[in-house]
Amino acid sequence: MKRHLVIATASFALCAGMISLSQAQEPKESTEGLDMQAARAKMMSARGSKVAYTKKWDLSGLPKYQPKQKVNGTIRMWGSNYITDGFLGGYWEAAFRKFHPDVKFDFHMKTTLAAVPSLIFGVSDLGIGRKITFAEQELFERYTDRSPVEIELATGSFDVPGWQPGYGVVVQKDNPLTKITMEQLDGVFGADTGEWADKPINVYGLTLRYHQATEISDRVLKASDKWNERLKIYANFVSKAGKLERGMNEDLAADKYGIGIVAAPTTNLTGGASQPTQKVLAVAAKDGGTYIPYTLDTLQNRTYPLYDRIFAYTDREQGKPMNPAVLEFLRFVLSQEGQAEVMRDGKYLPLTAEVANAQLKKLEEAAK
């Protein structure tokens, strides 16, 4: 009897241990930083290896690159991982070294958060990332008593999450709205006509801790940070499948009275097509202006008002020349040859001649 009891007890303990192990190994959702970092790295590595656009824009209006001086040394580049998650960083390096074979590149591309601080503390020559924030600008100016040199390198993508995609105004497909102005967006998305007149407006967006919220506030809310109190906010998380998810698109697609400003509105965070029950509104830059749809071409030519950009930042100490290798590299990126590599990589969009020439003029002024 005792022997049977011992066996039964051992069997129960073994089963309990197996159940406990099974529960421990069951996938679960996570918002832990390192879990999201691992999921994000896996996603962006796969996305970076793909060419999203094969269209060839006319770059003939951009200047051809003509070196003003032969340069050498190492360009230490810190910042956005998207430059090296794809092929663009390598493309720029190889093409630039055809003109300047004695220049080497030292890439430290982990996050756009490092772009400006790396300049401040002297470990980089060039920081690349999204638009500088107020806090980063203040930090730079407090330590250097000057502003950084800021140059636009490319226009953000159309539908590749991560590569600075444009922002679309998204509603559910049965919503009567088809277009909206920037002024209406500032006025809590302007949904005050027709079927919406006596309905609550459900406003969707990302957590205000994300840089996208700051960008939207600067460009839509005139930097007021006065957000609709009904704003439903979302943040990234790792799903049970181990993928980076958000859930905003799905909820917005099911809400007839919802409206949101969404980066890469024709896709979702994982790179698939957006919900079929959503539609993207045409946007006018001002009241009485032309309503521009969200398309690949209207983002590239910047007629659609909510495009995004990727920037380069560098330092130029007063009374001293700008780093000659950095100056030549930025001149190269703004040329036909540099923007051809943007187009070849197929995620960011090449600058128009108007924008490239304006940035070249700004660069030359900064270098004087």
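Laboratory data are not the source of any read-out in this text; all were calculated from the coordinates shown. Since we're looking at a predicted model, the values are computed, not measured. Cβ coordinates were reconstructed from backbone atoms using ideal geometry, including for glycine residues, and neighbour counts include every protein chain displayed.
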Ranked from highest to lowest mean number of other Cβ atoms within 10 Å per residue, what is the order of the peptides 245-257, 48-60? 245-257, 48-60
Placing unit charges on C-beta atoms (Lys and Arg positive, Asp and Glu negative, everything else neutral), compute the dipole magnitude of segment 86-157 about its Cα centre in debye, rounded to 20. 220
If I fit a long axis through the Cα atoms of helix 353-367 and take the longest principal axis of the Cα atoms of the chain, what angle between them do I get, 0 to 90°, rounded to 10? 70
Share of antiparallel DSSP beta bridges in the chain, in percent to the nearest 5? 55
Of the listed peptides 72-79, 101-108, 144-151, what is their order by residue-averaged count of other C-beta atoms within 10 Å, with the highest listed first? 72-79, 144-151, 101-108
Rounded tilt (10° steps) of 88-99 against the dominant C-alpha axis of the chain: 20
Return the long-range amide H neighbours of Leu153 (sequence gap of 5 or more, or a different chain), with a cut-off of under 5 Å between placed amide H atoms. Ile310, Phe311, Ala312
Under 1.5 on a/c is rounded, so check that first for the chain, then, if it is not, pick prolate when a/b is larger than b/c and oblate when it is not; a ≥ b ≥ c are the square roots of the alpha carbon gyration tensor eigenvalues. oblate
Given the DSSP H assignment, sum -39500 (n - 2.57) over each helix run of at least 4 residues in the chain and divide by its residue total; what's the result at 222 nm in deg cm²/dmol, nearest 500? -10500 deg cm²/dmol
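Quick check: from the Cα gyration tensor, does segment 167-300 come out rounded (a/c under 1.5), prolate or oblate? Can you show the working numbers first?
Numbers: a/c = 1.38, a/b = 1.35, b/c = 1.02.
Rounded, since a/c falls under 1.5.
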Set Lys and Arg Cβ to +1 and Asp and Glu Cβ to -1, take the dipole of segment 167-300 about its Cα centre, and tell me which of Ala285, Ala223, Met248 lies farthest positive. Met248
Estimated FRET transfer efficiency (Glu183, Leu113; beta-carbon r; R0 30 Å; 0.05): 0.40
Given a Förster distance of 35 Å, report the FRET efficiency between Ser224 and Lys104 from their Cβ-Cβ distance, rounded to the nearest 0.05. 0.15
